[in-house]
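As structure tokens, the structure follows; a few thoughts come after it.
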Amino acid sequence: MNMTATTDVQMIPVRALNQITYCPRLYYLQYVDCVMPTNEHVEGGLFDHRRVDEPELANRTRKEGDANRSRGVHLSSERLGISGVLDVIEEKDGASYPVETKHGSAPRGDDGRPTTWDNDAVQLCGQALLMEDAFGSRVERGFQFYAGTRERVEVRFTDGLRAKTRAAIDGCRQLSALDAPPDPLPAELRHRCFGCSLAPVCLPEETLYQIGLPPAAEEAATPPAGLTRVIPQSDEGAVLYVQEAGSYVGKRSEHLVVRKDGHEVTRVPMHAVRQVVICSNVQVSTQALETLAANGIHVAYVTGHGRFIGTFAPAEKKNVGLREAQFRRFADAGECLTLSKAVVRGKLMNQRALLMRSLRGDGDRGSDESAAQGMADLIRRLDSAAVVETVLGLEGQGAALYFGEFGRFLRAQPPGHGFGFTARNRRPPRDPVNALLSFAYAMLAKDCFAAVCTVGFDPYHGFFHRDRHGKPSLALDLMEEFRPVIADSVVLTLINNEILTPNDFLVWREACQLTESGRRQFFQAYEQRKATVVTHPVYGYKMSYSRMLEVQARMLAAYIRGSVPSYTSFTVR
């Protein structure tokens with residue numbers, strides 16, 4: 001058998017025919033936006049392919065039973081515009097045909113006999129077309145092996161199936177030219193979303209709900225009845241904080257190892273980590289950084305004073321469509337105004353909710369507080385703001401009202417254990433409360449930075465903080481609505497629950513910062529807050545605050561690309 005191949009970077013992978021037949025939006029996200037998450041189904045498929053993917057068996061023909069089998073055969077056709085690696089090519093009784101392995105179970109026909117899924121049949125037919133173009137002889141049939149039920153099903157390459165396969169190839173080219181992904185599957189096909197590894201990225205139910213949500217009703221919308229949660233409630237993996245000066249982070253096998261003074265401090269499996277945060281004078285080995293980047297794990301750097309320095313992250317997303325749309329939309333003053341109103345409305349509403357909750361008395365919801373009434377007025381005035389500068393002024397007035405009462409949020413403590421707060425100060429913060437606020441905002445900034453990078457945005461080009469050159473403006477925009485509910489809430493928890501005392505702070509020349517032990521307590525409280533499960537105000541199902549950051553970033557991306565008509569900020573009730 002002569003198995004020659006050509007390569008062309010424009011070729012459509014034959015496996016993509018499976019995805020576009022199953023769900024065009026899945027194809028776009030995976031092959032145009034280059035998003036490749038995994039779940040247990042994907043991992044199971046990789047496990048089932050472990051034999052056919054063995055490098056030593058690739059492109060080698062072996063006699064197995066009554067057939068000759070060649071595994072891992074790479075074929076390409078410039079005429080068809082597709083290429084791929086075929087699991088197995090079998091030769092038996094003078095005929096050659098493809099055999100493909102799938103992780104799942106074979107479906108059943110009306111007669112109860114095993115058959116194939118349409119998307120699997122199209123992929124297998126695409127392999128047959130590649131074989132015909134490469135070897136010059138017609139391929140009449142192939143076989144689909146379903147590992148879940150250990151069944152091998154014959155597939156006949158009829159004229160109808162061949163036409164469907166060529167239509168899938170054309171569909172791939174057409175979708176690749178679009179600036180935004182197509183809409184999610186209709187209701188009758190929504191069952192395909194469950195178990196899909198891209199569901200947390202695609203957000204099908206959320207996107208469809210937003211499409212049908214009139215923009216004018218955005219803030220007054222109640223959670224829709226029956227909206228199905230298709231994303232996980234919490235993230236897998238933990239955040240590894242390394243803050244002791246002189247520590248060294250290295251890699252050994254599949255673990256991250258933290259050492260200090262030659263002694264091992266901790267050892268963490270790589271798969272159990274989703275982010276590493278470096279605070280203080282800590283060294284990270286090149287091998288560890290390389291492995292973290294290869295696994296999509298961000299390394300964030302912050303100072304002890306509460307300043308986010310930056311992130312060592314994997315290479316940016318390959319597709320630039322979202323970033324092009326971002327720069328185009330953010331160049332429009334009207335778009336920037338619309339989005340600025342949304343995030344500032346969310347911030348003011350969340351600040352007002354925390355203020356009322358903190359100052360409520362017996363039988364009082366806190367709404368009669370003058371600051372709460374003033375903030376409600378600012379929220380109403382947002383609608384008439386004509387320029388971003390006006391929105392910025394309203395946000396500043398809201399901050400003045402909010403922090404003017406922040407000292408009253410603090411519970412009275414015994415002498416020597418309490419904290420005082422009179423006004424917000426920073427760069428550097430001069431008292432413990434401001435030191436905590438600055439540090440909390442730095443932590444939130446690094447998480448929002450990671451969220452917008454994960455989605456594929458340029459984190460330095462924003463719509464509200466537009467004049468902050470050298471600042472991650474879009475990350476700062478996203479964090480506005482989360483400042484009260486995550487950062488400020490952590491600060492109040494640490495103080496009011498007496499988790500921290502004045503002894504957990506260092507003051508030098510009017511600059512205040514946490515001690516190492518104080519930061520350790522802070523990190524624990526911060527991660528607990530991010531893990532808190534809350535109800536999304538629009539979609540009506542529960543998720544963690546950590547997950548909420550990414551969901552909001554993805555819905556912002558959907559708005560930027562024109563997939564949904566509006567962006568809805570996150571607010572608490």
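The values are calculated or read from the model by the stated rules, or taken from the named source; none is laboratory data. Predicted model, so just to flag it, every value in this text is computed and none were measured. When we count neighbours, we look across all protein chains shown, and the Cβ atoms used for this are built from the backbone with ideal geometry, even at glycine. In case anyone asks, the SASA skips ligands and DNA or RNA and just uses the protein heavy atoms, side chains included. Shrake-Rupley method; radii C 1.70, N 1.55, O 1.52, S 1.80 Å.
Within segment 425-443, how many residues turn out to be farther than 18 Å from residue 409 by Cβ and assigned to a helix (DSSP H, G or I)? Total satisfying the criteria: 2.
Considering 90, 140, the condition of being open to solvent by less than 40 Å² (accessible area, probe 1.4 Å) and more than 30 Å from residue 189 (Cβ to Cβ) is satisfied by 90 alone.
In summary, residue 470 fulfils each of the numbered conditions (1) of a type in the set (Gly, Ala, Ser); (2) modelled with pLDDT under 90; (3) closer than 16 Å to residue 447 by Cβ; (4) open to solvent by 10 Å² or more (accessible area, probe 1.4 Å) with the single exception of condition (3).
Considered as a group, the residues in segment 530-572 that are modelled with pLDDT of 85 or more and in a strand (DSSP E or B) include one that is surrounded by the most Cβ atoms within 10 Å (Cβ to Cβ), and that residue is 544. Considering segment 275-302, the residues that are open to solvent by 30 Å² or more (accessible area, probe 1.4 Å) and touching a Ser or Thr at 6+ places or on another chain (Cβ under 9 Å) include one that is modelled with the lowest pLDDT, namely 280. Contact map, segment 428-443: first residue within 12 Å of residue 483 (Cα to Cα) and touching a residue at least 60 places away in the same chain (Cβ under 8 Å), second residue outside any helix (DSSP H, G or I) and of a type in the set (Val, Ile, Thr), Cβ cut-off under 6 Å, separation 6 or more or different chains; pairs are 442/302.
Across segment 505-526, the qualifying residues are those that are touching a residue at least 60 places away in the same chain (Cβ under 8 Å) and in a helix (DSSP H, G or I), and the one among them that is nearest to residue 277 (Cα to Cα) is 523. When segment 452-464 is examined, which residues are found to be open to solvent by 10 Å² or more (accessible area, probe 1.4 Å) and part of a helix (DSSP H, G or I)? Scanning segment 452-464 gives 453, 454, 455. Residue 154 satisfies every condition listed in (1) surrounded by fewer than 18 Cβ atoms within 10 Å (Cβ to Cβ); (2) assigned to a loop (DSSP other than H, G, I, E, B); (3) in contact with a strand residue (DSSP E or B) (Cβ under 9 Å, 6 or more places away or on another chain) except (2). There is no residue in segment 13-35 that is open to solvent by 50 Å² or more (accessible area, probe 1.4 Å) and at pLDDT below 85.
So, in segment 401-415, how many residues would count as being at pLDDT 90 or above and open to solvent by 70 Å² or more (accessible area, probe 1.4 Å)? Final tally of qualifying residues: 0. Examine segment 230-238 for a residue that is in a strand (DSSP E or B) and either at pLDDT 75 or above or surrounded by 11 or more Cβ atoms within 10 Å (Cβ to Cβ) (or both), and state whether such a residue exists. Within segment 230-238 (the criterion being in a strand (DSSP E or B) and either at pLDDT 75 or above or surrounded by 11 or more Cβ atoms within 10 Å (Cβ to Cβ) (or both)), the answer is yes, since at least one residue qualifies.
Here residue 173 clears all of (1) among the basic types (Lys, Arg); (2) open to solvent by 80 Å² or more (accessible area, probe 1.4 Å); (3) closer than 18 Å to residue 120 by Cα except the condition numbered (3). Output the residues belonging to segment 465-504 that are more than 20 Å from the chain's Cα centre (by Cα) and outside any helix (DSSP H, G or I). Result: 465, 466, 467, 468, 469, 470, 471, 497, 498, 499, 500, 501.
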